[in-house]
Amino acid sequence: MRKKVSIIGAGQVGTIAALQTLAAKLADVVLIDLMDGLAKGKTLDLQQAAALMQSDCAITGGNDYDLTTGSDVVVITAGIPRQPGMSRADLLATNARIVKSVMAEIITRSPEAILLMVTNPLDAICAIAQKASGFPAQRVIGMGGVLDGARMQSFIAQELGVSVKDVQACVIGVHGEQMLPLPRFSTVAGVPLTELLSPDKIQRIVERTVNGGAEIVAHLKTGSAFLAPGTSVAEMLKGILLDEKRIMPAAVCLQGEYGLRDIYLGVPVRIGSQGIEEIIQLRLDADELAQLQAGAQAISQMLAQFAME
Ligand code: APR
């Protein structure tokens, strides 16, 4: 029997995530949105796209959460996207409320599901979703590093004029302005980036990666990136549903790794059918570790401030 993935939020990211899931023939898909017509209309469009892609995976949708019953993975994109000039912290109050209401619908219908969180501000939202769902942290995972890594990967490939296939980029930490691209752990055909490009050029790639989302927002004027985010969701779904045991960055609840405890942050993990199967500890230098911990502190502060309001 095919696996079942429910995607909550039939907006820009949810739609591309659904399209890529169908294209890769990963699972039957359920698309849910507060706006019934939006989900139903997109469901029909996706069903017809699936026919063109020779995909027999089923797609259903609407505003009825009963459709999601028994999902293997639930992807949460419901929320409002970041507007130009809006910080990720500004988003928290609104999106936390939305995510909590979604959790209430999901936990009884799919108690064994893995939750793949996409709604921003990601790391804080993961913590809120984990608490609201009561699911083990191993099954509440955030999509951030795969997207940030893809951005860095594309910039490295462009700079060096090499295939993206040969580039591995490593970005950890907060999914936001305080993210931590790691040139020492980014490689081209196994060679560290630090041996291939000057410090200046690396710095430019790092900065463009950190500003990757904002650069797109500035062009679009309204809304934010969705093609790479939706595709990143499908990449993570592949890792989970096909039990690939891939090593990819994800927002996970740290339990002492990197000197951090009970805080969601992006780090490399081994991902498979059980969700997070291992948290991988890179040997960071003092500066990298300090930056990672500063990011963690910012998230803690954001959550503490939120709890007080
Ligand atoms: N239940 C279900 N769907 C909801 C709810 C809710 N309570 N609240 C909002 N939605 C839906 C909206 O109706 C909308 O269709 O979530 C969808 C969000 O889609 P977009 O506005 O297009 O946003 P998108 O660009 O897809 O981004 C979604 O992912 O990358 C993050 O920062 C981004 O938090 C944002 C999220």
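The values are calculated or read from the model by the stated rules, or taken from the named source; none is laboratory data. Predicted model, so just to flag it, every value in this text is computed and none were measured. Every residue, glycine among them, receives a Cβ derived from its backbone with ideal geometry; neighbour counts consider all protein chains shown. Please note that ligands, DNA and RNA were not included when accessible areas were found on the heavy atoms of the full protein model with its side chains. Shrake-Rupley method; radii C 1.70, N 1.55, O 1.52, S 1.80 Å.
Condition check for GLY295 on (1) more than 19 Å from the chain's Cα centre (by Cα); (2) within 25 Å of ASN120 (Cβ to Cβ): one failure, at (1). Restricting attention to segment 1-49, the residues that are away from the ligand (no atom under 15 Å from the Cβ), open to solvent by 60 Å² or more (accessible area, probe 1.4 Å) and among the hydrophobic types (A, V, I, L, M, F, W, C) add up to 2. From the list GLY161, GLY223, GLY176, the lone residue that is of a type in the set (Gly, Ala, Ser), in contact with a Lys or Arg (Cβ under 7 Å, 6 or more places away or on another chain) and in the same structural domain as ARG246 (by TED's automatic domain parsing) is GLY176.
Condition (residue is open to solvent by 60 Å² or more (accessible area, probe 1.4 Å), at pLDDT below 95 and either near the ligand (Cβ under 10 Å from one of its atoms) or among the aromatic types (Phe, Trp, Tyr) (or both)) applied to segment 111-129: is it met by at least one residue? Steps first, answer last, please.
Our first condition is that a residue be open to solvent by 60 Å² or more (accessible area, probe 1.4 Å); within segment 111-129, this holds for 111-112.
With at pLDDT below 95 added as a condition, the list becomes none.
The answer is no, given that none of the residues of segment 111-129 is open to solvent by 60 Å² or more (accessible area, probe 1.4 Å), at pLDDT below 95 and either near the ligand (Cβ under 10 Å from one of its atoms) or among the aromatic types (Phe, Trp, Tyr) (or both).
Filter segment 50-63 for residues that are over 24 Å from the mean Cα position of the chain (by Cα) and touching a residue at least 24 places away in the same chain (Cβ under 8 Å); which is surrounded by the most Cβ atoms within 10 Å (Cβ to Cβ)?
Filtering segment 50-63 for residues over 24 Å from the mean Cα position of the chain (by Cα) gives 51-56.
Among the residues that remain, those that are also touching a residue at least 24 places away in the same chain (Cβ under 8 Å) are: 53, 55-56.
Working: MET53: 15, SER55: 20, ASP56: 11.
Only one residue tops the list, namely SER55.
Against the list (1) assigned to a loop (DSSP other than H, G, I, E, B); (2) over 18 Å from LEU34 (Cα atoms), the condition LEU147 fails is (1). Within segment 150-172, being within 14 Å of ALA250 (Cβ to Cβ) and open to solvent by 10 Å² or more (accessible area, probe 1.4 Å) holds for ALA150, CYS170.
Screening LYS100 against (1) in a helix (DSSP H, G or I); (2) buried (at least 18 other Cβ atoms within 10 Å of the Cβ) leaves a single unmet condition, (2).
Inside segment 258-287, residues that are buried (at least 19 other Cβ atoms within 10 Å of the Cβ) and not hydrophobic (A, V, I, L, M, F, W, C) make up a count of 5.
Inspect segment 183-204 for any residue being out of contact with any Pro (no Cβ under 7 Å at 6 or more places or on another chain), open to solvent by less than 20 Å² (accessible area, probe 1.4 Å) and assigned to a helix (DSSP H, G or I) and give the result as yes or no. The answer is no, given that none of the residues of segment 183-204 is out of contact with any Pro (no Cβ under 7 Å at 6 or more places or on another chain), open to solvent by less than 20 Å² (accessible area, probe 1.4 Å) and assigned to a helix (DSSP H, G or I).
To keep it simple, each residue is scored yes or no on (1) of a type outside the set (A, V, I, L, M, F, W, C); (2) closer than 21 Å to PRO121 by Cβ.
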{"site": "ALA218", "(1), (2)": "no, yes"}
{"site": "PRO229", "(1), (2)": "yes, yes"}
{"site": "ARG246", "(1), (2)": "yes, no"}
{"site": "ALA290", "(1), (2)": "no, no"}
{"site": "ALA307", "(1), (2)": "no, yes"}
